[in-house]
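The next block holds one structure in the form of structure tokens; read it before the comments.
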């Protein structure tokens with residue numbers, strides 16, 4: 001005759017097995033309180049001559065920037081992804097990030113995006129929406145300013161912070177990725193060497209190529 005203890009042991013084993021199976025089952029749904037979307041980024045620069053009355057901005061005003069690096073940061077300050085644009089200046093990535101409670105009618109999150117590219121000044125987007133339109137997709141266009149020897153070259157950003165606050169934050173994350181500074185150029189007459197923007201090249205990728 002089967003004892004009550006034996007029956008209880010069998011039931012426990014069955015529950016454990018079903019739980020393990022459920023945990024191993026793949027799912028596309030993000031965790032509770034999180035939202036997921038495939039984000040497509042396009043990085044470009046304005047072609048000289050456009051932006052005037054004679055040549056206003058249009059679809060032909062921009063030149064794509066290949067090998068631009070994008071660093072994605074969540075609201076907790078964690079780097080969740082980073083990568084390089086292709087020959088068309090594009091990069092796509094699936095982002096899973098917490099839902100922002102400031103938008104109660106939207107199933108939406110926000111991330112910060114740092115963009116750097118050789119030959120250009122950096123740009124920081126502080127509030128990039130993820131799944132803003134509820135279709136688990138998103139597009140972001142980023143325009144970088146070229147480095148000019150006779151101008152003050154420094155990062156651009158889209159928030160009301162003090163510039164030094166943003167510069168320190170940019171340096172912190174650039175060092176986290178292991179980025180290097182761009183090659184030195186002469187500044188305006190009398191200034192000599194200037195503090196160069198960050199390069200899209202990382203020390204890690206340089207070491208891998210050398211090996």
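The values are calculated or read from the model by the stated rules, or taken from the named source; none is laboratory data. Bear in mind the structure is a predicted one, so any value in this text is a computation, not a measurement. Here the Cβ is made from the backbone with ideal geometry for all residues, glycine too, and neighbour counts use every protein chain on show.
Write out, first by first residue and then by second, each pair whose Cβ atoms fall under 8 Å of each other, whose residues are 6+ apart or on separate chains, and whose first residue, in the range 168-186, is in contact (Cβ under 8 Å) with a residue 40 or more places away in the chain and at negative phi while the second is surrounded by 12 or more Cβ atoms within 10 Å (Cβ to Cβ) and in a loop (DSSP other than H, G, I, E, B).
What qualifies is 170/122; 170/155; 182/118; 182/119; 182/147; 182/196; 182/197.
Taking the conditions exactly as written (within 13 Å of the chain's Cα centre (by Cα) and either under 22 Å from residue 157 (Cβ atoms) or modelled with pLDDT under 95 (or both)), does residue 123 satisfy them or not?
On the way: within 13 Å of the chain's Cα centre (by Cα): yes; either under 22 Å from residue 157 (Cβ atoms) or modelled with pLDDT under 95 (or both): yes.
Yes; evaluated as a whole, the condition is true for this residue.
How many of the residues making up the range 71-127 are in contact (Cβ under 8 Å) with a residue 60 or more places away in the chain and closer than 22 Å to residue 175 by Cβ? Even if it seems obvious, please write down each step before you answer.
Start the filter on the range 71-127 by keeping residues that are in contact (Cβ under 8 Å) with a residue 60 or more places away in the chain, which leaves 71, 73, 79, 82, 84, 96-99, 107-109, 113-122.
From the residues that got through so far, the ones that are closer than 22 Å to residue 175 by Cβ too are 71, 73, 79, 82, 84, 113-122.
Here the count works out to 15.
Cβ contacts < 7 Å: first residue under 30 Å from residue 180 (Cα atoms), restricted to the range 44-70; second residue surrounded by fewer than 10 Cβ atoms within 10 Å (Cβ to Cβ) and at pLDDT 75 or above, any location; separation 6+ or different chain. Result?
66/87
Residues being at pLDDT 85 or above, part of a strand (DSSP E or B) and more than 15 Å from the chain's Cα centre (by Cα): count how many of those fall in the range 143-197.
Residues meeting the conditions: 4.
For the structure I just gave you, tell me whether residue 113 is surrounded by fewer than 19 Cβ atoms within 10 Å (Cβ to Cβ), in contact with a strand residue (DSSP E or B) (Cβ under 6 Å, 6 or more places away or on another chain), modelled with pLDDT of 95 or more and in a strand (DSSP E or B). Even if it seems obvious, please write down each step before you answer.
Values: surrounded by fewer than 19 Cβ atoms within 10 Å (Cβ to Cβ): no; in contact with a strand residue (DSSP E or B) (Cβ under 6 Å, 6 or more places away or on another chain): yes; modelled with pLDDT of 95 or more: yes; in a strand (DSSP E or B): yes.
Here the answer is no, as residue 113 does not meet what is asked.
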